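The next block holds one structure in the form of structure tokens; read it before the comments.
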Amino acid sequence: MSPQQEKKLTFKRLIQSVGRFYNVKAEDITSARRKKDFVKARQVVAYLAREKLKKSFPTIARVLGGRDHTTAIYSYHKIKDKIERDDGFKNEVKSILLENYIAEKKDNIAEIKFPKQEIESEKPKFIIKSPKDIPPQELSPEHSIRQGDILKKYKEGQTLEEIGKEYNLTRERMRQIVERGLIQSIGAIIKEGIAIDLKEFLKEEKRKHLQAVINKHGILKRKPSSFKQTKRWSRYYDRCRKCGTNIIRHHSHGYCERCYPKTEIFKELQESSRLRNIEKRRRYVKEYSKKYSSRPEIVKKRQMQWDLKYFGGNREKALIRDDERCQFCGISRIESYKTYNKDLIVIHIRDIKDNSLENLLTLCKKCFYEELEKRRKNTNQ
């Protein structure tokens, strides 16, 4: 794809291109339908949007039907792994980006229904720059006066519980009213051109309120409970379901770290993980074995093991004794590598179990097979 075409590629055209390639409607890609063809096209869109458009996972998830960002992450990694394993599928994804499949015209693009939450640019969240950015609220005069009184008492240092008792409301409801009032109060203090981070503003107001409460009431202490609450070993379990301990750290499902690996739950998870990654593991072992076998120290080690097992450690001694040459034709060890791509061969003259130097003979590949043929004929006679 040329740089000029790459600039033209947008989210809408990407969905249009993938839909045209897989013969799927654009609205089906952004819908909630789980048909196999729709899911595949949707996952390819997520992968290309991440790779080519550099979109964030939350943005991709919102465009593809308002899904959770973890769905976009899963789709991206699934297509990425499949591309690494399958060259055919890799070419298929590449062909989507070819000039033939990019929508040069805006035909049917308007038919794609994107969620209202789609973000055109990555703006920082919770930033208020002017009174226009403050969300409007419709309150009756009575409720507006009540909100102002509650906010005033909140800033004076009364706790949410105290204010709630006065208005016969819960602490959570009081928190909502106070937060809404604080947001509306930004309009009175904001200056044009100065941005206010809403989260930081609310955090600072909460800190001021806490200081006001301490100044008014002193250091707050929890009310003594009517019964002594025992500390639980974990959130849902008092002790390990298997061994009954509450000293060893809890792992999961009510089992301690020592007992959990012995449970059927762990064994099932381990087996499912093994089955999911078996092909990946085989490829890794194959590649590692190939590299391991080619290491010089491993080659030397295996040669020594072979020498010790079949020649009693006298193979190299026999080669040195015979000046590293075939005893029949006189070819050297280096010439044997060049001619036959193989080292000189050491054989037993008589008894195969006798590994003494007198019973060992050095031959090249050609002379070795000739010697074998002679021995076979003698045996037949």
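The values are calculated or read from the model by the stated rules, or taken from the named source; none is laboratory data. Computed from a predicted structure; not experimentally measured. Cβ placement follows ideal geometry from the backbone for every residue including glycine, while neighbour counts extend to all protein chains displayed.
Please verify whether segment 246-253 includes one or more residues that are assigned to a helix (DSSP H, G or I), surrounded by 11 or more Cβ atoms within 10 Å (Cβ to Cβ) and touching an Asp or Glu at 6+ places or on another chain (Cβ under 7 Å). Let's see the steps before the verdict.
Within segment 246-253, the subset assigned to a helix (DSSP H, G or I) is none.
Checked segment 246-253: no residue is assigned to a helix (DSSP H, G or I), surrounded by 11 or more Cβ atoms within 10 Å (Cβ to Cβ) and touching an Asp or Glu at 6+ places or on another chain (Cβ under 7 Å).
So, residue 284, is that one within 53 Å of the chain's Cα centre (by Cα), in a helix (DSSP H, G or I) and closer than 30 Å to residue 81 by Cα or not? Criteria met by residue 284.
In segment 49-100, the residue that is farthest from residue 12 (Cα to Cα) out of those that are outside any helix (DSSP H, G or I) and among the hydrophobic types (A, V, I, L, M, F, W, C) is 98.
Residue pairs whose Cβ atoms lie under 8 Å apart, sitting 6 or more positions apart in sequence or on different chains, and linking a residue in segment 363-375 that is buried (at least 17 other Cβ atoms within 10 Å of the Cβ) to a partner that is acidic (Asp, Glu), are 363/371. Within segment 17-49, the only residue that satisfies the criterion of being closer than 15 Å to residue 89 by Cα and among the polar types (S, T, N, Q) is 43. Is it the case that some residue within segment 158-178 is surrounded by fewer than 15 Cβ atoms within 10 Å (Cβ to Cβ), modelled with pLDDT of 65 or more and at positive phi? Within segment 158-178 (the criterion being surrounded by fewer than 15 Cβ atoms within 10 Å (Cβ to Cβ), modelled with pLDDT of 65 or more and at positive phi), the answer is yes, since at least one residue qualifies. Consider segment 271-281 and keep the residues that are of a type outside the set (A, V, I, L, M) and in a helix (DSSP H, G or I). The one that is farthest from residue 86 (Cα to Cα) is 271. Taking every residue in segment 60-83 that is on the phi > 0 side of the Ramachandran plot and surrounded by 14 or more Cβ atoms within 10 Å (Cβ to Cβ) and pairing it with any residue that is part of a loop (DSSP other than H, G, I, E, B) and not acidic (Asp, Glu), at least 6 positions away or on another chain, the pairs with Cβ-Cβ distances below 8 Å are 65/30; 65/31; 65/32; 65/115; 66/115; 66/117. Of all the residues in segment 164-188, those that are over 20 Å from residue 203 (Cβ atoms) and part of a helix (DSSP H, G or I) number 5.
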